[in-house]
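Visitor: This is the structure I want to talk about, given as structure tokens.
The values are calculated or read from the model by the stated rules, or taken from the named source; none is laboratory data. No experiment lies behind these values; they were computed from the predicted model shown. Note that we place each Cβ from the backbone using ideal geometry, even for glycine, and neighbour counts take in every protein chain shown.
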Amino acid sequence: MEVKAGDFISSLPDEILFHIISLLPFESAIQTIFLSTRWRFLWNLALVQHGSKEDVPTAVSGFLTNFDEHNPTRNTRRLRFHFGADGVLSAIIAPNNKLHLDFSADNQEHPRQFGWQIELNPQNLSLQPTPSSFFVKTLYLISVNHLSSEAVSSMVSNLQLLENLKIIGCNGLESLSIDSERKLLNLTIFDCPHLKSLHIRSYKLTTFLYRGQFPWFWPEFHFNLANAMLDSRKGPGYSTFQTCDFDRVLLTIKNSEILTLCKWTFQALICPSLSSFQADFQFYRLKELWWIDNHSKGVANNDALITFLKLCPSLERLFVTIDHNSYVMPSAATCSKQVGRYKKLQHLKLVKLEGFANQDDEISFAERLQDVVAVEPLILTTADGMCFRNLTKISSHESHEPEESPSPISQERYSYMFVQVQNINEFCPKHAHMISLYCQKNH
Amino acid sequence: MAFTWSKTIYMGLDPIFLTELSISIIIFSTIASSKKSRVSKIKTADNEIFEVEEAVATMSNTIKIMAGDCSGGVIPLNNVHSTIFARVIEWCKKHVDDGEDLEYYKGALKNCDATFFEVDQAVLYHLLTTANSLDIKPLLHQGCQRFVDMINGKTVEEIRQLLHIKNDFTNEEEDETRKKLWSSVVGMNSFILL
């Protein structure tokens, strides 16, 4: 037996060390993590189990039940469950009652299309109380496919306290139905490339973050979103979307404070719906807007955005991103909604422009902006997201000041100057949705 | 249970009765001692043979199972050295009557064991690994308790010194571990290193 001279305890097998740690009071147990890398790795041990696909729900609930935050010896936070031919589920318990279920290892080349129903209503309360002292509040479902979806559904229906659900990267998922009338507060659906239809039954949903092609969306009950992200640069995923159907969607985002929207969505879906509203429709509470656009054919067309801005009296921060890969409406459709009376934006303090083709475009946008704002906001521009310049207006009387980029348009009224900004974070944070988890699509 | 014939004559008891009594006593003591002397033969890695009472030897679940397979022959323990095995058996003899309830062993080391476990860490290491491989849970538990007493209440640096643990973290790793740990502690009740 080769044993490091002097340090015998570290050479003990893992199970004995676990036993030792389990006998320590909590404060001392934590100290052991810092002893050396070998001790730290103890805490990363994964439980490995094998079984069939049908065993997945029981394995996960057993894993949750066994997890005891107060008992270091039962602190295995990772489970690798091997099922079927080569299916692997990686389950991780994270702080703040989060559970990750990742089926990524199970991914196939050509996933089969499937529909998925997730029910989170505690109506089927089982008679025995949940033995687990660990109540999952946040659940990540990653790379679920047609093989694992049923197992996950039955597992998820046991999580009676679930408030946050994140569904990420599920290939083959065509239709999704989520039923959680009272509990679910936050729903995130990212990168499910085949999603065509989405049905949500909920009264309480306040945050909805969506990235992917825009599905046919049916919010069965009305809920008021405070935070809505509709990043559908990939374009429409539905075949038809009746205006009357989209009205319901529009009502859910009507009171949101934070919104991410693509221009084509505004043109194709929101505008027709707006026309059907008798009264003046406004996004009264909208404070922070991220507008995603694509200046196709080299023409910068800001009409849609300007129209939209007229609907947002409370707007404080505007972020505009020009993404060359973003979907563009096939016909040069203009929004026919004529906004009647509107007040100039009093509160707009910050505008951030990213990805504009050239400085002329940025300047022309700034000029258009003049028409709708009451107070000059701070305008920051960047081409790459790293270096920012502050676009300021200078009166053309001050002609002795050097002009970095004179432009024929601006000479009419004002000149514009770009000043490099050193410390961007001082000026403004990013839009809330830009820094959400998995935002960088690094998954 | 020693019983000599001579005593009966001097007590003046009826010889026939006494004969029957003594025969049954002899039979009883024979049976008893043969039961008592059921011995397991165990051979350690260095080819030393130990004769241990079965009750003592089967405190080890491993030996119990192997005895079932060997049925009377010599049980080979290929990874236990005789010196350690001798100690283990010594402990088992002391505790053969204690019963299987682990609760009994919880808490501070019993007085009789305090000296037993005051050995240097190398011996303790071997005791624990042997208790583990022989599956003697109470011994394992008590041995661990010894380490627990050495770790409990001490700072990381003190523990390292006492147990001769080398700190192989780089500064960055150590900071990262610290940050990850403390940023995740919520009411001292949850933590994770991912």
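Visitor: Can you tell me which residues in the stretch B:148-168 are part of a loop (DSSP other than H, G, I, E, B) and surrounded by fewer than 19 Cβ atoms within 10 Å (Cβ to Cβ)?
Guide: B:Asn152, B:Gly153, B:Lys154, B:Thr155, B:His164, B:Lys166, B:Asn167, B:Asp168
Visitor: When you scan the stretch A:187-202, do you find a residue that is buried (at least 22 other Cβ atoms within 10 Å of the Cβ), of a type in the set (A, V, I, L, M) and under 17 Å from A:Ile292 (Cα atoms), even just one?
Guide: No: zero hits.
Visitor: Please work out which residue is nearest to the chain's Cα centre (by Cα), limiting yourself to the stretch A:314-332 and to residues that are part of a loop (DSSP other than H, G, I, E, B) and polar (S, T, N, Q).
Guide: Looking at residues that are part of a loop (DSSP other than H, G, I, E, B) and polar (S, T, N, Q), I get A:Ser326.
Visitor: Out of the residues in the stretch A:33-50 that are at pLDDT 75 or above and either at the interface with another protein chain (Cβ under 7 Å from one of its Cβ atoms) or under 19 Å from A:Ser90 (Cβ atoms) (or both), which is surrounded by the most Cβ atoms within 10 Å (Cβ to Cβ)?
Guide: A:Leu35
Visitor: Of everything in the stretch A:189-203, what is touching a Phe, Trp or Tyr at 6+ places or on another chain (Cβ under 6 Å) and β-branched (Val, Ile, Thr)? Give them in sequence order.
Guide: Of everything in the stretch A:189-203, just one residue is touching a Phe, Trp or Tyr at 6+ places or on another chain (Cβ under 6 Å) and β-branched (Val, Ile, Thr), namely A:Ile189.
Visitor: Can you tell which of A:Ile322, A:Ile306, A:Ile292, A:Ile253 is touching a Gly at 6+ places or on another chain (Cβ under 7 Å) and modelled with pLDDT of 85 or more?
Guide: Within the list A:Ile322, A:Ile306, A:Ile292, A:Ile253, the selection yields A:Ile322.
Visitor: Have a look at B:Glu176, B:Glu172, B:Glu158 and point out the one that is more than 7 Å from chain A (Cβ to nearest Cβ) and modelled with pLDDT of 85 or more.
Guide: B:Glu158
Visitor: Another question, then. Just to verify a result, which residue in the stretch B:112-170, among those that are among the aliphatic types (A, V, I, L, M) and more than 18 Å from B:Ile84 (Cα to Cα), is farthest from the chain's Cα centre (by Cα)?
Guide: This residue is B:Val156.
Visitor: Does the stretch A:80-100 hold any residues that are surrounded by 15 or more Cβ atoms within 10 Å (Cβ to Cβ) and within 14 Å of chain B (Cβ to nearest Cβ), and which are they?
Guide: The answer is A:Ser90, A:Ala91, A:Ile92, A:Ile93, A:Ala94, A:Pro95, A:Asn97, A:Lys98, A:Leu99, A:His100.
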